[in-house]
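Visitor: What follows is a single structure, and I will ask about it in a moment.
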Amino acid sequence: MKIDNPTVSYPNIVMEAASNIVTDLFENKWYEINNISCPDFSVFFLTERIMSKYLENCYFLPSHNKIFTKNEFQGIQDRIVENNILARLKEKKFILNDDDDNGFRFYLTKKGVGCILEIIDENVLSKANQFDKKKSLTLKQNVILWLVEQEFLEPSVDTSQKVIKKTEEILFMLTPKGTAHLRYIINFELIKI
């Protein structure tokens, strides 16, 4: 998802630091490993975070590999991967975003609900992850119910087993926890370059 804000201009030191980090990520094949074909969001996101550091440090930046702590940089990388997965799911019309301005609320479309077995990695659906294949629902309904129980999805109605039988009529929103866990629950084939 490209975020375009032509009204903001950044100091050269900030732009250069973002460019150096993106170049390092490319050279280390991070984009390739994480199946990210378009770096637009990462450039924007890194630039915003570097600008914050620049202002916090009274218009000073350390070298580009010392701007962020290891945890901060891991968080930034996670957010970039999450955004890429959301963009892929949106391209395939499995999710939609009801608010293009803030970009935080994503809903499963009817197609997304109907294709949930293709979207979720079947290896995640195990007893170790509290998935019960023996519930008296169809596999698709069990998967939806499991996603709700794990707090990855938030339904627009109460999802008792009776109601969940009509999954196509229920609106499901990805929770922040669901968004943060996308890289672990999504079928890898969906996000391959």
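The values are calculated or read from the model by the stated rules, or taken from the named source; none is laboratory data. The structure displayed is predicted, hence computed values, not measured ones. Cβ placement follows ideal geometry from the backbone for every residue including glycine, while neighbour counts extend to all protein chains displayed. Just the protein is used for accessible areas: all its heavy atoms, side chains included, with ligands, DNA and RNA removed. Shrake-Rupley method; radii C 1.70, N 1.55, O 1.52, S 1.80 Å.
Visitor: So LYS140 clears everything in (1) open to solvent by less than 50 Å² (accessible area, probe 1.4 Å); (2) closer than 21 Å to PHE188 by Cβ; (3) under 20 Å from the mean Cα position of the chain (by Cα) except one condition, right? Which one?
Guide: All conditions are met except number (3).
Visitor: Please go through the stretch 97-127 and pick out each residue that is open to solvent by less than 80 Å² (accessible area, probe 1.4 Å) and hydrophobic (A, V, I, L, M, F, W, C).
Guide: Hits for the stretch 97-127 are PHE106, LEU108, VAL113, CYS115, ILE116, ILE119, ILE120, VAL124, LEU125.
Visitor: Still on this structure, please answer the following. Search the stretch 168-186 for residues that are more than 15 Å from ARG88 (Cα to Cα) and modelled with pLDDT under 90 and pair each with any residue that is part of a loop (DSSP other than H, G, I, E, B) and of a type in the set (A, V, I, L, M, F, W, C) when their beta-carbon atoms are under 8 Å apart and the residues are at least 6 apart or on different chains.
Guide: Between residues of the stretch 168-186 that are more than 15 Å from ARG88 (Cα to Cα) and modelled with pLDDT under 90 and residues that are part of a loop (DSSP other than H, G, I, E, B) and of a type in the set (A, V, I, L, M, F, W, C), the close pairs are ILE170/VAL157.
Visitor: Taking the stated definitions as given, is ILE33 open to solvent by less than 60 Å² (accessible area, probe 1.4 Å) and not charged (D, E, K, R)?
Guide: no
Visitor: Could you say whether any residue in the stretch 79-97 is free of Cβ contacts under 8 Å to residues at least 60 places away in the same chain and over 24 Å from ILE119 (Cβ atoms)?
Guide: no
Visitor: Considering each residue of the stretch 1-30, count those that are at pLDDT 90 or above and surrounded by 10 or more Cβ atoms within 10 Å (Cβ to Cβ), and give that number.
Guide: Number of matching residues: 18.
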